[in-house]
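So the structure is just underneath, and the comments pick up after that.
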Amino acid sequence: MKLPALLVTLLIAASPMPAAPATPAGEIIVRDLGVPIKAVNWVRLHPGRGPDGKASLLASMGQNNGGLFVIDIDLATGHCRQFNAPPGRMQYPTASFRSPRSGALYIGEHLTGHLLRYDPARPERGLEDLGVIDGDHATFPTGITESPDGALWIGAYPDCTLTRFEPATGKFTRFGMMDDTDKYLYPICGADGTLAALTKVVHPHLILIDPKTGAKKTIGPVINPEDKSQHVLFYKGIDGLLYVETHSGTFRLRGDQLEPAAYLPPPLPPFFSAGSVTVPFRDTLPMPDGSIATWDDGDEGGAGTFRRLRIASTNPTVATRLINLDWHGDGSNLFVLHRGLDNHIYGSSFLPEHIFRCAPDGSGMINLGRCSLMLGEAYTIGNFSDGTMCFGSYPHSNISLYDPKRPWRFGADADGNPRDIGRLDDVGIRPIGMAIVPALTKPDGSPVHEKMWVGNLPDYGTWGGTLAWLDPKSLASASHRNLVPDCSPFALLWLPGPKQLLVGMSIEGGTGTKPKAKNGAFILWDPIADQAVYTGDFGLKDLGDVVALAPADNGLVYALLGHTRYTYELLGAEVAGPTRIALVDPVARKVLSIATIPAEFGRMPEQIQFTLFRGPDAVYGITEKTLYRVKPGTCEMEAVWRAPAGDQLDCPGPWIGKTFYFATGWRLRTLTLP
């Protein structure tokens, strides 16, 4: 799913790293280096009429530290009255809707699936928690719409559910699953009371719903996401009625009928379309005074900071003006950490994708801003031999190149630094694994340039990811799909001895799908011939996903065998099995030893692809609760550090000497061995 507008390029100077406390000899020291990025996500503007009848503008914003919030904006000064969600895990306003009849703003939040309300007429109530939408069936609300009787209809993931909420009584009516296969539901109600929804993403199709009973029926074409000639766009027109535009025709929905329509009216802004997972709120309705507010620094070509509004007018005699907002952010979760060849620590935040940089001691910490047009998160970062860095970003697996020796100026043009190169194919969406293959020589003596290789999970609702490469000098590229049917390249490691790329394959498909394949695989890839020389299981018949690879001594490799948390939930613990570490000999193509990660180490972090890595003296790994060391030449594991109660390891970073860099939520931290 493409994730909407995200935020804030603040230049944040971190607090100086505190001096190490006096500790007994041999004690591990853990330090906090600061909060590198304070930004916001799922940003939407909500124009309307205030309780005094005048122009009113609200905005909903998500964040990790401090939770999501709503701002009530003073259109004269930019001052924001800020209302944060009740304390807890309410971080993402994934569905939001401002009622034209009442002026109240409703938010369906992720992670706990509650419905919230802010009423500008009653600001003393703050951001109210109205209750649970539909328990575990609706943890990610996808859309909210209002029917003529004032009821709200809420679609949700993960069970494609529909829920009715009556503001007057506070009553929820839960109609359950609207589809047995798809997980996402996007409802829209017309001014005539017609209620319909689009399912996404495995077989998108339109469902007409009886608002009294919740009875449903499929209407119109069912889309195959792999067939690019098929499409469906579902929206509310400026006349308040529902329309659908498909590859097989254009239609108007009325009652329980799909009527051919010779003319499609423009969509009613703010543009809400259930025809795509993207719900772009880029255009806003004029407010009562004729003014129109848009972001001057948002995601569309801006820095993604959402600090400045452009106030235009439908009256050509009224000048456009800019106002600066004073809302307060507390911190964005970190997704990936990396050491550049310039010896700085780099990292990406998660929703939005901003890049930070700091010295190893935490000094000079700065939020550099966006590195990609995507603004999701950088999944992977690599170093070329000349110091140039490569970012692989979600969604669409966009690739960006950055030269640390030049000033930071993001752009998609030739002078951009980072420069967004774009997609390497039309399939990949999550660039889950990356490796830099050095310059090589063909058998005839001709050179092969240094290249970046990336393994990608496929787009939503599809199976079979891609292995792609990019030459950073010429920008030449190529891509290969379905190296193993219905599987995806997940982990990559360059093997200097045999001069081959080791690829770990996963059964995971695009988001919203259930795995089709039963087992992952190992692939040995010849980067000169650009083809596989081996595909198999190294003799391990019950091979699960190969999700992480780390170089050991003597040309051996440690492989982490398991599944992402998403796949575990789909398969169930008995089918998925435990997470294991295997010591493999890629030249002999066999597994030398294997062991299960002890249960007392805790569960694996959500970003499992980062959890096995080379340390100062051995290969190390993490779970959410434990940093552990693998005894060289074996699969024996010993706990090095266990997180105290209430603490955890979310994202591992590089080692510098005996110091290990990691993130806990939005905090950059270090752990130094004695």
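Just a few scattered comments:
- Strands (runs of 3 or more DSSP E) wholly inside segment 112-209 that include at least 3 residues being in contact with a strand residue (DSSP E or B) (Cβ under 6 Å, 6 or more places away or on another chain), of a type outside the set (Val, Ile, Thr) and closer than 30 Å to residue 73 by Cβ: 114-118, 128-132, 140-146, 152-157, 184-189
- Count of residues meeting criterion [more than 17 Å from residue 152 (Cβ to Cβ) and modelled with pLDDT of 95 or more] in segment 77-109: 12
- Qualifying positions in segment 219-247 - within 22 Å of residue 181 (Cβ to Cβ), in contact with a strand residue (DSSP E or B) (Cβ under 9 Å, 6 or more places away or on another chain) and exposed (fewer than 14 other Cβ atoms within 10 Å of the Cβ): 222, 247
- Residue match in segment 60-71 (condition: under 24 Å from residue 312 (Cα atoms), modelled with pLDDT of 95 or more and in contact with an Asp or Glu (Cβ under 7 Å, 6 or more places away or on another chain)): no
- Answer from 236, 217 - the residue that is under 30 Å from residue 429 (Cα atoms) and part of a strand (DSSP E or B): 236
- Any hit, segment 330-353, residues being in contact with a strand residue (DSSP E or B) (Cβ under 8 Å, 6 or more places away or on another chain), more than 24 Å from residue 611 (Cα to Cα) and surrounded by fewer than 22 Cβ atoms within 10 Å (Cβ to Cβ): no
- Scanning segment 129-150 for residues that are buried (at least 20 other Cβ atoms within 10 Å of the Cβ) and of a type in the set (S, T, N, Q) gives 139, 142, 145.
Residue by residue, here is whether (1) of a type in the set (A, V, I, L, M); (2) touching a residue at least 12 places away in the same chain (Cβ under 8 Å); (3) surrounded by fewer than 21 Cβ atoms within 10 Å (Cβ to Cβ) holds:
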| residue | (1), (2), (3) |
| --- | --- |
| 560 | yes, yes, no |
| 569 | no, no, yes |
| 572 | no, no, yes |
| 576 | yes, yes, yes |
| 595 | yes, yes, yes |
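- Residue match in segment 501-509 (condition: closer than 22 Å to residue 462 by Cβ, of a type in the set (S, T, N, Q), within 26 Å of the chain's Cα centre (by Cα) and part of a loop (DSSP other than H, G, I, E, B)): no
- Exactly one residue among 411, 392, 428 is at pLDDT below 95 and among the small types (Gly, Ala, Ser), and that residue is 411.
- Selection of first residues in segment 468-487 that are on the phi < 0 side of the Ramachandran plot and of second residues that are assigned to a strand (DSSP E or B) and of a type in the set (S, T, N, Q), restricted to Cβ pairs under 6 Å at least 6 apart or on distinct chains, gives the following pairs, ordered by first then second residue: 468/479; 470/477; 479/466; 481/466.
- Each residue in segment 58-96 was checked for being buried (at least 22 other Cβ atoms within 10 Å of the Cβ) and either part of a loop (DSSP other than H, G, I, E, B) or out of contact with any Cys (no Cβ under 9 Å at 6 or more places or on another chain) (or both), and 17 of them qualify.
The values are calculated or read from the model by the stated rules, or taken from the named source; none is laboratory data. These numbers come from a predicted model, not from an experiment. With ideal geometry, Cβ positions are generated from the backbone for all residues, glycine too; neighbour counts draw on all protein chains shown.
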